[in-house]
Amino acid sequence: MPERRTVALVTLGCARNEVDSEELAGRLEADGWQLVEDAEQADVAVVNTCGFVEAAKKDSVDALLEANDLKGHGRTQAVVAVGCMAERYGKELAEALPEADGVLGFDDYADISDRLQTILNGGIHASHTPRDRRKLLPISPAERQSAGEEVALPGHGTPSDLPEGVAPVSGPRAPLRRRLDGSPVASVKLASGCDRRCTFCAIPSFRGSFISRRPSDVLNEARWLAEQGVKEVMLVSENNTSYGKDLGDIRLLETMLPELAEIDGIERVRVSYLQPAEMRPGLIDVLTSTPNVAPYFDLSFQHSAPDVLRSMRRFGDTDRFLELLDTIRSKAPQAGVRSNFIVGFPGESEADLAELERFLTGARLDAIGVFGYSDEDGTEAATYENKLDEDVVAERLARVSRLAEELVAQRAEERLGETVHVLVESLDDEDGAYGRAAHQAPETDGQVLFTSGEGLTVGRIVEAKVVGTEGVDLVAEPLLGSLASTEEAAR
C-alpha cells in the first residue's frame, strides 16, 4: 500500500479562520490525506493566512517563509498559502513571495485535494485574480441564499459538497469538518461576509456580502462538536447581529440560541462580533437570561466621538454607548463586555480622543483592544487627506493603551469576591491550572488562574470564587464542594 499523503494546516488570524482550516481538514481527510500537526512531517504545509491589518499580514508572510525553510530538511515538499491574504492579493502575493508553491483563493477550497496534489506533483496551479466578492451575490439579502450555492463560502460546507462517493471520515452525521485540536472549545460559523461599509475595513471586499448559514446546519454542527467532547461553542461571523436577515427573520439568533444551549453536552454558548448599532432588546434579553448562554457582549465600538464615527461610516456616541451598557448590566450585572478601538483615525482631534477616553473610563469593559490607524488597500479611509503623522498616531496608541491596561485591571478588581463559572482548559505542573469564566472569550479576554488544580479536569465547568487579580486575569479558588452538590441535585 502506498504511503499516505500528509498535510499540515497552520492557521493564523481569527476564530473564523480556524473554522475554515477545520473545513479544509475535513475535505482533505475525506479524500485520503493524513493530517499531521507538525509541518516538518507533512508533504504539504498549508498556511491559512490573515489579511486584516499590516501586522497580521507580516505574521502570515513569516509563517510561509518559516514553512518554506523546512523544504530540503524534512519531509516538506511544498508550501501553499490559503486564507484571507491569499484571497485578497492572489497573483500579487505569488509574485512577491515565490517561496510559496501555490496561492489558492476561496474558489479553490472545494477542490483543495486536487489543487494540493497538482502542486505536490510539481505542477503549477495559476494563482487567482482577486475580485470584489461583494459583487458575487445579489444586493437584496432575500435573494442571496439560492445564489450562495454557486459562491465559495468557507466554513459553510456540508458533506453533500464532497465528490461523489467520498464521505467524511468521522461518520455520516459529521459536518464537513475535522477538529485540529482537542480543546473543549470550538467555534461555529453563523454567517460569512458583511454588508456594512466601514471606511477603514477591507474585509467585505474579500469576504463578500453577508450570507447566513441555515439554522439546521449550525445546530447539526454543534451537536457533532458535542459528540467530540466540546463543552463551549462560540458563534462567529463578521457580524452576528445580522444573522437571519437574508433568511427572512432578523430575530433568528434569538430563536436559535435556546436550541443550541439545550444540546446535550454543550454547557456554554458564546456569541461574538456584535454591532452596537444593531443591538435590539430581544437579543439582549436572550443573551442575559438563557441558561447556558454566556452573558457576553463582544461589541464593536471602534470609537465614541461622533465626528470620528461618522468618518468611519458608523453610528453612535459616548452617551448612547454607555446607555447600552447600562441596559445590559441592569439585566446581568456580571455580564462581560469587550471591544476594540482605533486611535489616530484621519481627522481625529484632541477633543475626539478625550471623548474616547471619557467613554473608556465610564464603560467598565473587561477587555480592550487598541489599534493605531493605518491605511488599508482599497478602503475609503485610505483616500482621506486629513491623515495624522505617524508619530502622533503612535503617541495616541501608547496613551490609550496605557489607559486601557489600567481600566481592565480595575474592572478585574471589581470582580473580587464574585462567584464565576470557569471552563477548565489546562492543567499543567509548571503553569498551573487555568480556564475562562463566562465573561472571557478564548485568546482575547484574559483567563482565570486557579489557586489549586486538585479535583479539576479539563473540559469541566466549575464554580470558583475570585480571590485575586493579575492585571486582566483573575485568580480564583475552586468551590468543588458546592459544584458536586449541585450536580447531585440535578441527577
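Other residues whose C-beta falls under 12 angstrom from the C-beta of Lys189 contribute a net charge of -2, scoring Lys and Arg +1 and Asp and Glu -1.
Taking all protein chains as shown and a probe of 1.4 angstrom, Val169 keeps an accessible surface of around 90 Å². Evaluate E = 1/(1 + (r/R0)^6) for Gln41 and Arg131, where r is the Cβ-Cβ distance and R0 equals 41 Å; express this FRET efficiency to the nearest 0.05. Efficiency for this residue pair is about 0.70. D for the range 336-450, whole µm²/s, Stokes-Einstein with Kirkwood Rh over alpha-carbon pairs at 10 °C and 1.306 mPa s: what number? So the translational diffusion coefficient is about 98 µm²/s. Straight Cα distances below 29 angstrom link Lys331 to the lysines Lys189, Lys231, Lys245, Lys465, with same-chain residues fewer than 8 positions distant left out.
Label separation (Arg402 vs Ala382): 3.3 nm, computed from points 7 Å beyond Cα along the C-beta direction. Treating each Cα of the chain as one equal point scatterer and applying the Debye formula with no solvent, the log10 of I(q)/I(0) at q = 0.08, 0.09, 0.13 Å⁻¹ comes out as -0.51, -0.65, -1.40. Relative contact order for the chain: 9 percent, from Cα pairs under 8 Å spaced at least 6 residues apart, divided by residue count.
For the peptides 9-18, 429-438, 341-350, the ranking by packing is 9-18, 341-350, 429-438, with the highest mean count of neighbouring Cβ atoms within 10 Å listed first. Label sites at Thr327 and Glu454, each approximated as a point 7 angstrom past Cα along Cα to Cβ, lie 4.8 nm apart.
Work out the P(r) tail for the range 289-347: percent of alpha carbon pairs separated by more than 19 Å, whole number. Roughly 38 percent, rounded to a whole number.
Placing R0 at 35 angstrom, the Cβ-Cβ distance between Asp249 and Asp429 gives a FRET efficiency of 0.10 after rounding to 0.05. Here the chain has 48 percent of its accessible surface on carbon and sulfur atoms, given a 1.4 Å probe and all protein chains in place. Note on Gln34 and His73: the model spin-label points, each 7 Å out from Cα along the C-beta direction, lie 2.3 nm apart.
Applying the Karplus relation 6.51 cos²θ - 1.76 cosθ + 1.60 with θ = phi - 60° to the range 400-408 yields 3J(HN,Hα) values of 6, 5, 4, 4, 4, 4, 5, 5, 6 Hz, where x marks Gly and Pro. Solvent exposure of the range 237-333 amounts to 38 Å² per residue of accessible area, where only protein heavy atoms count and the probe is 1.4 Å. Arg223 exposes around 90 Å² of accessible area when a 1.4 Å probe is run over every protein chain in place. Spread over its residues, the convex hull of the C-alpha atoms of the range 1-149 is 120 Å³ per residue.
Thr327 contributes about 60 Å² of solvent-accessible surface, heavy atoms of the protein only, 1.4 Å probe.
The values are calculated or read from the model by the stated rules, or taken from the named source; none is laboratory data. No experiment lies behind these values; they were computed from the predicted model shown. Glycine gets a Cβ as well: all are built from the backbone with ideal geometry, and neighbour counts include every protein chain shown. Heads up: the accessible areas ignore ligands, DNA and RNA and are worked out on the full protein's heavy atoms, side chains in. Shrake-Rupley method; radii C 1.70, N 1.55, O 1.52, S 1.80 Å.
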